[in-house]
Amino acid sequence: DRVIEYAKDADAVITHFVPITRRIIERLEKCRIIARYAVGLDTIDIPAATEKRIMVANVPDYCIEEVSDHAMALILALARKVCYMERQVRSGVWNYEQAAPMPRFSEMTLGLIAFGNIARRVAAKAEAFGFQRILVFDPYITDAARYPKYDFVSLDTLLADSDIVSIHAPAGAETKHLINRNTIDMMRQGALLVNTSRGALINEGDLVQALGQGRLGGVALDVLEKEKDAGGHPLLRFDNVILTPHMAWYSKHSVAELQRKVAEQVRQALLEGRPRYWVNRF
């Protein structure tokens, strides 16, 4: 009701966390564009907007370097057990053997779920660290031939063959709880899991259970399904879990870029009729 009160006469709506539902969209009297102040579009009812001939846009390319850097930081921290060993030192234990076993990156396989702009940068950066093999699962890939160094495989194969799995898929009906009890069971014993995309891609109850059973070697998440409840999350009781507060996108440069680009979408829609990142073209 409050969103409708504020937005019903707006020519444009910029939203970040507030869901723009069908009920809201049906009450927008003048709106020509809904712009998401982020990459993901899961907070906007796009079919409802399309039915009402309201353009929808996002900012898909403002934090590619930041998120890919953060994903690599989590991959490196997990694989080298940086956070765990730092806690060991703080507790008075100075013994590298606490990190065993620890393979070389050149002996490890990295699997990337989805292969958009961010995952492509992760792959390039992982190459520089010498990962033996990079596997990719993306059912929508159309230019795989451009990346002959990587192996494009099924999800089952990626999960079974990867030492580290890094998730880069968008949230949606197809990907909700993509990582669950069944898919975790497909992963290698002791595999590492990293998620810098959306919390809804992982069934956290199944993840907690798998960690409790020792199925996974470690987990690093920048996102959770319910991030406001993170302080008492059951994942925090595990020493081989790293949680960061949905910060992968952040740098002072990415904030400025995001602010500029979301405003540009509104300007382009209202003055030119075609925002650059128009996602529901009609």
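Here are the numbers for the structure shown:
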| item | result |
| --- | --- |
| From Lys252, Lys261, residue being basic (Lys, Arg) and in contact (Cβ under 8 Å) with a residue 60 or more places away in the chain | Lys261 |
| Residue tally, condition closer than 18 Å to Leu258 by Cβ and assigned to a loop (DSSP other than H, G, I, E, B), over the stretch 11-46 | 10 |
| Breaking point among (1) closer than 22 Å to Thr15 by Cα; (2) under 21 Å from the mean Cα position of the chain (by Cα), for Asn203 | (1) |
| Residue within the stretch 177-192 that is modelled with pLDDT under 95 and under 25 Å from Asp42 (Cβ atoms) present | no |
| The listed residue being closer than 20 Å to Ile118 by Cβ, out of contact with any helix residue (DSSP H, G or I) (no Cβ under 6 Å at 6 or more places or on another chain), open to solvent by 30 Å² or more (accessible area, probe 1.4 Å) and not charged (D, E, K, R), out of Gly172, Gly205 | Gly172 |
| Of all residues in the stretch 89-124 being over 30 Å from Asp138 (Cβ atoms) and hydroxyl-bearing (Ser, Thr, Tyr), the one that is least open to solvent (accessible area, probe 1.4 Å) | Ser91 |
| Residues within the stretch 145-166 that are farther than 13 Å from Val194 by Cβ and either surrounded by 15 or more Cβ atoms within 10 Å (Cβ to Cβ) or without any contact (Cβ under 8 Å) to a residue 12 or more places away in the chain (or both), tallied | 14 |
| Selection within the stretch 34-60 - open to solvent by less than 40 Å² (accessible area, probe 1.4 Å) and either modelled with pLDDT under 95 or of a type in the set (Gly, Ala, Ser) (or both) | Ala35, Ala38, Gly40, Thr43, Ala48, Ala49, Ala57 |
| Those residues of the stretch 222-249 which are touching a residue at least 40 places away in the same chain (Cβ under 8 Å) and open to solvent by less than 70 Å² (accessible area, probe 1.4 Å), in sequence order | Asp222, Asn240, Ile242, Thr244, Ala248 |
| Given (1) in contact (Cβ under 8 Å) with a residue 24 or more places away in the chain; (2) part of a loop (DSSP other than H, G, I, E, B); (3) among the acidic types (Asp, Glu), number of the condition Glu65 does not satisfy | (2) |
| Where Thr142 falls short, out of the listed (1) surrounded by 22 or more Cβ atoms within 10 Å (Cβ to Cβ); (2) more than 24 Å from Thr244 (Cβ to Cβ) | (1) |
| Residue check, Glu127 surrounded by fewer than 14 Cβ atoms within 10 Å (Cβ to Cβ) and assigned to a loop (DSSP other than H, G, I, E, B) | no |
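The values are calculated or read from the model by the stated rules, or taken from the named source; none is laboratory data. What you see is a predicted model; the values in this text were computed from it and never measured. Cβ coordinates were reconstructed from backbone atoms using ideal geometry, including for glycine residues, and neighbour counts include every protein chain displayed. We work out accessible area using only protein heavy atoms, side chains counted, and drop any ligands, DNA or RNA first. Shrake-Rupley method; radii C 1.70, N 1.55, O 1.52, S 1.80 Å.
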